[in-house]
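**Student:** Below: one structure in structure tokens.
The values are calculated or read from the model by the stated rules, or taken from the named source; none is laboratory data. As the structure is a prediction and not an experimental result, all values here were calculated from the model. With ideal geometry, Cβ positions are generated from the backbone for all residues, glycine too; neighbour counts draw on all protein chains shown. Just the protein is used for accessible areas: all its heavy atoms, side chains included, with ligands, DNA and RNA removed. Shrake-Rupley method; radii C 1.70, N 1.55, O 1.52, S 1.80 Å.
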Amino acid sequence: MEKRQELYAGKAKSVHATDDPDRLILTFRDDTSAFDGERMESLARKGMVNNRFNAFIMEKLQEAGIPTHFDRRLSDTESLVKNLEMIPVECVVRNIAAGGLVKRLGVEEGQALEPPTFELFLKNDALHDPMINESLAETFGWATPEQLAEMKALTFRVNEVLKQLFAEGGLLLVDYKLEFGLFKGEIVLGDEFSPDGCRLWDAETREKLDKDRFRQGLGGVIEAYEEVGRRIGIDFD
Ligand code: CDP
């Protein structure tokens with residue numbers, strides 16, 4: 001697989017074309033951003049840790065029958081993925097109240113959410129990823145009702161698989177964001193799953209072990225990511 005030109009660089013990953021038009025290479029960088037890129041920092045080992053974390057999770061999801069764009073890890077910081085036509089809608093499921101939900105609705109952080117909630121956001125940094133709904137997505141052509149129904153069903157299936165996986169490591173999956181795309185007409189999970197895009201708390205102490213450590217200046221960010229990884233069986237060496 002030949003790595004060709006860079007197609008774009010996001011806040012934490014870069015995307016390169018390959019000699020196969022159906023495949024891309026994702027490079028996980030050490031760059032870390034928060035608050036729509038307002039705060040940027042480089043954290044040593046982050047690219048390697050998130051690349052391995054994502055590979056492990058995507059393989060677990062694939063084994064559970066959830067279609068993902070992930071093909072294989074190529075190196076410490078690179079993975080080969082299917083070239084999706086991305087849908088500009090972020091799907092968020094929450095099992096416990098935290099982050100934006102607490103701010104928006106004034107509910108208490110840590111409150112269990114039964115049943116888990118499902119929210120849609122438009123992927124648009126300039127607009128700070130505004131919350132949207134099915135009606136807006138359909139009218140503006142971001143996704144069809146059928147695609148949205150499939151994305152919602154897949155996002156909840158991911159919850160069942162990952163809640164269990166993290167629980168076995170003594171962790172609570174508080175919330176997470178997924179992005180989907182189309183590959184030959186099929187809805188497929190894209191982007192990444194890492195502690196950058198979810199919240200994970202220690203089940204006993206409720207210590208935050210995800211990107212909130214960076215957002216809140218708590219320190220030990222990558223150490224926490226590695227701790228989570230080790231607890232679910234990832235080998236970072
Ligand atoms: O994290 P924030 O307060 O910005 O927003 P949220 O709606 O509480 O985020 C819910 C979950 O989605 C958290 O695990 C975030 O890390 C994740 N998220 C993300 O990865 N990327 C975004 N653009 C928005 C949320």
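**Student:** Cβ-Cβ distance below 6 Å, separation of 6 or more or different chains: which pairs start in region 145-166 with a residue that is modelled with pLDDT of 95 or more and end on one that is open to solvent by 10 Å² or more (accessible area, probe 1.4 Å) and not hydrophobic (A, V, I, L, M, F, W, C)?
**Tutor:** Matching pairs, first to second residue: 145/138; 148/134.
**Student:** For region 194-216, how many residues are under 12 Å from the mean Cα position of the chain (by Cα) and not hydrophobic (A, V, I, L, M, F, W, C)?
**Tutor:** Residues that pass the stated criteria total 7.
**Student:** Among residues belonging to region 117-129 that are more than 11 Å from the ligand (Cβ to nearest atom) and not in a strand (DSSP E or B), point out the one that is surrounded by the most Cβ atoms within 10 Å (Cβ to Cβ).
**Tutor:** 127
**Student:** A further question on this structure: So which of 178, 182, 189 is among the aliphatic types (A, V, I, L, M), out of contact with any Ser or Thr (no Cβ under 8 Å at 6 or more places or on another chain) and surrounded by 14 or more Cβ atoms within 10 Å (Cβ to Cβ)?
**Tutor:** None of the other options fit; the residue is 182.
**Student:** Regarding residue 93, is this residue more than 11 Å from the ligand (Cβ to nearest atom), open to solvent by less than 30 Å² (accessible area, probe 1.4 Å), among the β-branched types (Val, Ile, Thr) and in contact with a Phe, Trp or Tyr (Cβ under 9 Å, 6 or more places away or on another chain)?
**Tutor:** Details: more than 11 Å from the ligand (Cβ to nearest atom): no; open to solvent by less than 30 Å² (accessible area, probe 1.4 Å): yes; among the β-branched types (Val, Ile, Thr): yes; in contact with a Phe, Trp or Tyr (Cβ under 9 Å, 6 or more places away or on another chain): yes.
For residue 93, the condition - more than 11 Å from the ligand (Cβ to nearest atom), open to solvent by less than 30 Å² (accessible area, probe 1.4 Å), among the β-branched types (Val, Ile, Thr) and in contact with a Phe, Trp or Tyr (Cβ under 9 Å, 6 or more places away or on another chain) - is not met.
Yes/no matrix, rows are residues, columns are (1) open to solvent by 50 Å² or more (accessible area, probe 1.4 Å); (2) more than 29 Å from residue 160 (Cα to Cα); (3) at pLDDT below 95:
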{"site": "31", "(1), (2), (3)": "no, yes, no"}
{"site": "41", "(1), (2), (3)": "yes, yes, no"}
{"site": "48", "(1), (2), (3)": "no, no, no"}
{"site": "52", "(1), (2), (3)": "no, no, no"}
{"site": "57", "(1), (2), (3)": "no, no, no"}
{"site": "63", "(1), (2), (3)": "yes, no, no"}
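**Student:** Let me ask something else. I want to confirm something. Restricting to region 193-205 and keeping residues that are more than 9 Å from the ligand (Cβ to nearest atom) and acidic (Asp, Glu), which single residue is nearest to residue 151 (Cα to Cα)?
**Tutor:** Checking each candidate, the answer is 202.
**Student:** Would you check if there is a residue in region 212-221 being surrounded by 20 or more Cβ atoms within 10 Å (Cβ to Cβ) and out of contact with any strand residue (DSSP E or B) (no Cβ under 8 Å at 6 or more places or on another chain)?
**Tutor:** no
**Student:** Taking residue 107 and the conditions (1) within 16 Å of the ligand (Cβ to nearest atom); (2) surrounded by 13 or more Cβ atoms within 10 Å (Cβ to Cβ); (3) in contact (Cβ under 8 Å) with a residue 40 or more places away in the chain; (4) assigned to a loop (DSSP other than H, G, I, E, B), which numbered condition does it fall short on, given that it satisfies the others?
**Tutor:** Among (1) within 16 Å of the ligand (Cβ to nearest atom); (2) surrounded by 13 or more Cβ atoms within 10 Å (Cβ to Cβ); (3) in contact (Cβ under 8 Å) with a residue 40 or more places away in the chain; (4) assigned to a loop (DSSP other than H, G, I, E, B), the lone unmet condition for residue 107 is (3).
Every residue, every condition in (1) under 24 Å from residue 150 (Cα atoms); (2) within 16 Å of the ligand (Cβ to nearest atom), yes or no:
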| site | (1), (2) |
| --- | --- |
| 59 | yes, no |
| 66 | yes, no |
| 69 | yes, no |
| 86 | yes, yes |
| 98 | no, yes |
| 115 | yes, no |
